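The block underneath contains the structure these notes are about, expressed in C-alpha cells.
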Amino acid sequence: MEPTFGTDGVRGRAFDEIDEVVAHALGRAANRALFAGNDAARWAVGRDTRESGPALARALVAGLRATGAEVIDFGIVPTPVVAFAAQHLDMAGAVVSASHNPWHDNGVKLFAAGGTKLSDAEQSAVARCLADLRLTHGDRPSAAEVARRPDVVPAVRAAEAQAERPSEMDQVLDAYERSLCAAIDSRTLDGLHLVVDGANGATASLAPGVLRRLGAQVTALFCEPDGRNINDGCGSVHPGALGATVLDVGADLGMAFDGDGDRMIAVDSEGQVIDGDRQMALFAVDLAEQGLLASDTLVVTVMSNVGLRRAMAEAGIEVLTAAVGDRAVLEALDGGGLSLGGEQSGHVVFRHEATTGDGLRSAVHLADFVARRAAGESSLTSAELSLQAMQVAPQVLRNVPAGYGSLGDETLRAVDDIAAGAGPDVRALVRASGTEPVIRIMVEAPTEREATDLVDRLADVIVEGVGAAGTV
C-alpha cells in the first residue's frame, strides 16, 4: 500500500510502500510543515493492531521528536480517540493505520492542531517538505544505511527511552468516554444485549468495555488481534458473522467497526445490515425531533442511496450532497455550520460533538436510539426501526482491479456513453478508489436486474480499458 499521509485517503505517490525510513521522514516533514519549527509543537500519536504498526509508529514518533516536537504516544487506540486528544489538548495528531484494508497494508493519517482534517494548503505543505527530504525511488537509502544514519538511530532510541505520561493519556481516555456518555444525556443502555465486532483492530478492547460501562450486556466478537487478523473476514466490511451471531444469541443489535474505528456498520435484531445511509436516516430524524439537526440539513455523498434522499424529503429534512470521502463531508458540514453527515460505508460525523467520524460514537447513539424506542409506547425493535427508516432503491456495487493508474480518455468516454444511455431512472457512478487499487462502480436502477446488467457492461469496458493501458 502506498503511504497515506492525509486523513482523506490522498496518497503520497513518491513511494511504493511505507517503511520506517518513510515514516521517520514523514514525522520530520509533518512537524516542519505544520509547526515551522515552533518549540511548542505537540502531537498525539496512535496506531491500530497491524504487525507493522509498532515499528512504523516508533519511526514516526522519532521523526517528530527529531524536529523538536513533544509527543504523547497512545499506542493502540482508534483514530477518533487521537482526533479527540488533539482537540482536547490542542495538539496535532497522527495515526498509523490502513483503516479497513488487509493487515499487510499500512499508512499514516494526519490531523491538524485541534483534531481537524488537514486543509489543502497544509497537505501540500507536508508533501513539499517530504519531497525536499529526497526520499525517492532513485535515492532512498537501504535499510543498512538507515541503521548507520546519525539522524535516525539516536532519534529512535530517544523515542523509545522517553517516558510517556500515562496520567495525561488516562485523562484523555476518561474525557473521551465521558463525552460519549454526555452525547446521550447520561442515559444508560440497561437492558440492551449488543454484539460487538471489533474487527481485531483498534476498538477490540475499548468498545466492549465502554458499552458495558454504559449498562449494556455485550457479546464480544473478533476482539483478539494478533497483528495479522485485522479486518480478516470480520469488521464493517464483512458483517456476515456479526449478523449470524446476533441471531444466534438473540441480541437487540450488533455493531461492527473497521480496523481503526472511524466506521461502524450495524446489524439489527433480525440480522439485517444497517449501513451508513440507514443510520443517517435514523439519526437525522431523531436529531431534528430534538432540535439538534442544524438547519434541518443532512450531508451525504454521491454514493448514498436515493432512498435516503426520499426519506429525508418526507421528513422535511434537506439533503446536501458532497463528493466521496469523509473530508468532503466535513468540508460541507463546516462550510454550512451543519451537525450531521456521513457516508454509506458507515463513516458518520456528529460534527456538533466531534471533529471526525467516530464508529464508537455512532454505536452509542444507535444503541441509545434503540433503547429509547424500545421503552416507548410503540416498543419497536431495531429491525422495525431500521425498516421504517428508509426504502432502499436497488443498488449494485462492484470493484474492478485497476492498479493505481487512471482510465484512459477512450475508456472514460465509453463509460459516459453507457451511463448516459441507461435512462432517467438509472444512476451510475464510476470512480477510482482512494484507498485500494480498484475502480469502484455503483449503479442504482428500478430493479436489481437492471442495475446488475449495467454494472456488468461498465465492468467489461473498464477491464478492457485497464488491460489496454497495461495497468493490471
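The values are calculated or read from the model by the stated rules, or taken from the named source; none is laboratory data. These figures come from a predicted structure and were not determined experimentally. Every residue, glycine among them, receives a Cβ derived from its backbone with ideal geometry; neighbour counts consider all protein chains shown. Just the protein is used for accessible areas: all its heavy atoms, side chains included, with ligands, DNA and RNA removed. Shrake-Rupley method; radii C 1.70, N 1.55, O 1.52, S 1.80 Å.
What the table below lists for this structure:
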quantity: The chain: DSSP helices with Cα axial extent of at least 20 Å and average Kyte-Doolittle hydropathy no lower than -0.5; calculated: 20-35, 166-183, 359-375, 448-469
quantity: Distance between modelled label sites at residue 249 and residue 167, nm, 7 Å Cα→Cβ extension; calculated: 3.8 nm
quantity: Structure-based [θ]222 nm, the chain - -39500 (n - 2.57) summed over DSSP H runs of at least 4, per residue, nearest 500; calculated: -13000 deg cm²/dmol
quantity: Value of relative contact order over the chain, rounded to a whole percent, pairs C-alpha under 8 Å and six or more apart; calculated: 12 percent
quantity: Inter-site label distance for residue 431 and residue 318 at 7 Å from Cα along Cβ, in nm; calculated: 2.2 nm
quantity: For the chain: accessible area per residue (Å², 1.4 Å); calculated: 40 Å²
quantity: Of all accessible heavy-atom area on segment 15-59, the percent that carbon and sulfur account for (1.4 Å); calculated: 41 percent
quantity: Accessible surface of segment 191-260, 1.4 Å probe, proportion on carbon and sulfur as whole %; calculated: 47 percent
quantity: Most to least packed among 85-94, 22-31, 219-228, 444-453 [average Cβ atoms within 10 Å]; calculated: 22-31, 85-94, 219-228, 444-453
quantity: 18 Å cut-off, amide nitrogen to a point 7 angstrom out along residue 397 Cα→Cβ, residues in segment 417-439; calculated: 427-439
quantity: Fraction of accessible area attributable to carbon and sulfur, segment 262-376 (%, probe 1.4 Å); calculated: 48 percent
quantity: Kirkwood Rh, Cα atoms: Rg over Rh of segment 325-378; calculated: 1.08
quantity: Projected label distance in nm at residue 381 and residue 175, using a 7 Å step from Cα toward the beta-carbon; calculated: 4.2 nm
quantity: Rotationally averaged projected area of segment 169-298 (alpha carbon convex hull; nm²); calculated: 8.6 nm²
quantity: Whole-Å semi-axes of segment 301-342's equivalent ellipsoid (Cα gyration tensor); calculated: 18, 13, 6
quantity: Integer Hz, Karplus 6.51/-1.76/1.60 couplings in order for segment 291-299, x for Gly and Pro; calculated: x, 10, 8, 3, 6, 6, 10, 10, 9
quantity: The chain - Rg and Dmax from Cα coordinates, angstrom; calculated: 22.4, 71
quantity: Cα-based shape type of segment 191-243, given that a ≥ b ≥ c are square roots of the gyration tensor eigenvalues and the cut on a/c is 1.5; calculated: oblate
